[in-house]
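One structure is given below, encoded as structure tokens.
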Amino acid sequence: MNDYTVVHEKAPAFFDRFARKDENQHQTHYCPGCGHGVVHKMIADALTELGVQQRTILVSPVGCSVFAYYYFDTGNVQAAHGRAPAVATALKRSNPESIVISYQGDGDLAAIGTAEIVHAANRGENITVFFVNNSIYGMTGGQMAPTTLLGQISTTTPWGRRPNNDGMPIKMCEMLSALEAPAYIERVALSDAKHILQARKAVKKALELQTQHAGFSMVEILSPCPTILKMEPTVARHWVGEVLAKQFPLGVYRDHRAEFVPVDVPQKPLAELLGLGGEKLSDAERQSRRKNTQARTIKVAGFGGQGVLLLGQLLAEMGMREHMEVSWLPSYGPEMRSGSAHCHVTLAHERIGAPVITRPEVLIAMNEPSLRKFGPMVQVGGMILYNGRELPEDLQFEGTTVHCIPASQIADEIGAAKVANVVMLGAMLEATNCLPLATARTVLADMVKNPKLSEMNDRALDVGREYLDQDVLALAVAGPDGCGE
Ligand SMILES: Cc1ncc(C[n+]2csc(CCOP(=O)(O)OP(=O)(O)O)c2C)c(N)n1
């Protein structure tokens, strides 16, 4: 009698139904005999066996790998060509408990994405990479890949790959195992049942190591691509074992499980590393500090040279010192000066999901083009602080409080045009109460070393606040849609 049961069922980690047009629903995206489906099944089974499906995020970049998100009932992120290890790094670092998989083809990983994979491996990122090496660019119709064999014909090597023209096939396992950080690297092949079982084990082991915080793991899977190689599926499978595996020897290239590379050591908070108010706060202290601050999404916009990006940095710095979660995302043209520039600043009490702000609560518009461009994006109930005496006649922002502060003019009177951003900072702090004034003073003093400028900044901060106060009074008379004056 058998002591095992054969179960025919869909792997639980797959969706019940994959998204295809109804007339194609009977078949997957993959060609008959393609290795991707086999690798999918191995990963899906391993996720179930390890009980990690619910916390798994799969990154599928460009190539036939991209179809993976139609099948895996996990978190799915699509990455640009070659960038999956970088995206996986961000996902893992921001969600350390997640299990992050980078699922890549050979064109993706070993050509356009060479830098990303090398550096992710070198940093010992605690992610798992499944590298499906079918020796060719499959999705785009058979161009040469870095792993194409010598003499192998492809659409870009019609006479066969020649070393003097096309270089030698790149062996990624060998190359990455020259680095110190990776924990586990193995090459397997989908050539026959025995090797497929070996591949299953390797896939599971790589994922298991990630659950143990062991560091970077990668399994290279030599895989058939019958359509592009123009072979019958069974012939393609044999070719993988008899030809491809000769060039890319199977085996374990790195296994640090026993030594347990300590790449996941707890890190100090950034503020502490930078020597910025890095005191440890208890939850209660943090809670009470929150009373001094308010979460805000802020966009600062103007032209290069107006201190737009610096103003964003000052705000982020202040938030950090107040133990807030902060992000600062700059955006500027290639010009050094006078091009448009803006930045997104999030001051939050919770972890920040994404630094991009599409609908800011507060806009600091340092010039008219920025006001015109970003003013309409401000949230209803939000606030615009405009560097100008009054709004241009044709502009109105319904449901938004607008304060006009002639910051550039005030800055000139103080003695330096460049403190206009600090005038706006003073006004903004007064209008929103999002950060304590004392913190602004300390940050300015720490960041601006020139004593004369420092004095002017202090003055600018105060004048900005005072101007805003008058403006609020005037607003109470004029109504919320215009600038008070
Ligand atoms: C930036 C960029 N360059 C080129 C392409 C075109 N492109 C799509 S798939 C692919 C090759 C993928 O080959 P591989 O990673 O080996 O995956 P396979 O399809 O063989 O599984 C290329 C070059 C693209 N989508 N994006």
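Quick notes on this one:
- Members of the stretch 85-117 that are over 14 Å from the mean Cα position of the chain (by Cα), polar (S, T, N, Q) and either under 16 Å from Leu207 (Cβ atoms) or modelled with pLDDT under 95 (or both): Ser98, Gln104
- Scan the stretch 363-401 for residues that are within 16 Å of Thr432 (Cβ to Cβ) and touching a Cys at 6+ places or on another chain (Cβ under 6 Å) and the total you get is 1.
- Any chance Tyr184 is in contact (Cβ under 8 Å) with a residue 24 or more places away in the chain, within 16 Å of the ligand (Cβ to nearest atom), surrounded by 23 or more Cβ atoms within 10 Å (Cβ to Cβ) and of a type in the set (Phe, Trp, Tyr): no
- Contacts under 6 angstrom Cβ, first residue in the stretch 230-254 being more than 21 Å from Ala202 (Cα to Cα), partner not small (Gly, Ala, Ser), 6 or more apart: Pro233/Pro32; Pro233/Pro226; Ala236/Pro224; Ala236/Pro226; Ala236/Leu229
- Leading residue by the ranking (surrounded by the most Cβ atoms within 10 Å (Cβ to Cβ)) among those in the stretch 397-426 that are of a type in the set (S, T, N, Q) and touching a strand residue (DSSP E or B) at 6+ places or on another chain (Cβ under 9 Å): Asn421
- Some residue of the stretch 57-66 being over 30 Å from Ala236 (Cα atoms) and not hydroxyl-bearing (Ser, Thr, Tyr): yes
- Among residues of the stretch 361-377, those that are open to solvent by less than 10 Å² (accessible area, probe 1.4 Å) and either touching a helix residue (DSSP H, G or I) at 6+ places or on another chain (Cβ under 7 Å) or farther than 17 Å from Gly312 by Cα (or both), counted: 6
- For the stretch 93-106, the tally of residues that are in a helix (DSSP H, G or I) and either under 22 Å from His256 (Cα atoms) or open to solvent by less than 10 Å² (accessible area, probe 1.4 Å) (or both) stands at 2.
- Hits in the stretch 111-158 (condition: open to solvent by less than 10 Å² (accessible area, probe 1.4 Å), among the polar types (S, T, N, Q) and either within 17 Å of Ala84 (Cα to Cα) or more than 14 Å from the ligand (Cβ to nearest atom) (or both)): Asn126, Thr128, Asn133, Thr157
- Against the conditions (1) within 16 Å of the ligand (Cβ to nearest atom); (2) part of a loop (DSSP other than H, G, I, E, B), Arg20 satisfies every one except (1).
- Selection within the stretch 200-236 - crowded, with 24+ Cβ neighbours inside 10 Å and within 16 Å of the ligand (Cβ to nearest atom): Met218, Val219, Glu220, Ile221, Leu222, Ser223, Pro224, Cys225, Ala236
- Every condition in (1) open to solvent by 50 Å² or more (accessible area, probe 1.4 Å); (2) in a helix (DSSP H, G or I) holds for Gly381 except the one numbered (2).
- Thr89 vs. criteria more than 14 Å from the ligand (Cβ to nearest atom), in a helix (DSSP H, G or I) and open to solvent by 20 Å² or more (accessible area, probe 1.4 Å): no
- Of the numbered criteria (1) at pLDDT 90 or above; (2) not assigned by TED's automatic domain parsing to the domain that holds His403, the one Met424 fails is (2).
- Note on the stretch 96-110: residues that are more than 15 Å from the ligand (Cβ to nearest atom) and in contact with a strand residue (DSSP E or B) (Cβ under 7 Å, 6 or more places away or on another chain) amount to 4.
- The condition of being surrounded by 17 or more Cβ atoms within 10 Å (Cβ to Cβ) and within 16 Å of the chain's Cα centre (by Cα) holds for only one of Gly35, Gly82, that being Gly82.
Residue-wise test of (1) of a type in the set (Phe, Trp, Tyr); (2) at pLDDT 95 or above.
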{"site": "Ile357", "(1), (2)": "no, yes"}
{"site": "Leu363", "(1), (2)": "no, yes"}
{"site": "Arg372", "(1), (2)": "no, yes"}
{"site": "Gly382", "(1), (2)": "no, yes"}
{"site": "Tyr386", "(1), (2)": "yes, yes"}
{"site": "Gly399", "(1), (2)": "no, no"}
{"site": "Val419", "(1), (2)": "no, yes"}
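- Failed item, numbered, when Arg161 is tested on (1) surrounded by 15 or more Cβ atoms within 10 Å (Cβ to Cβ); (2) in contact (Cβ under 8 Å) with a residue 24 or more places away in the chain: (2)
- The stretch 38-63, subset polar (S, T, N, Q) and in a helix (DSSP H, G or I), residue least open to solvent (accessible area, probe 1.4 Å): Gln53
- Counted as qualifying within the stretch 263-346 are the helices (runs of 4 or more DSSP H) with 1 or more residues that are at pLDDT below 80, namely 270-273, 283-290.
The values are calculated or read from the model by the stated rules, or taken from the named source; none is laboratory data. Given the structure is predicted, the values throughout are model-derived calculations rather than measurements. Please note: Cβ atoms are built from the backbone with ideal geometry, for glycine as well, and neighbour counts cover all protein chains shown. Ligands, DNA and RNA are stripped out before the accessible areas are found, and what is left, the full protein with its side chains, is counted by its heavy atoms. Shrake-Rupley method; radii C 1.70, N 1.55, O 1.52, S 1.80 Å.
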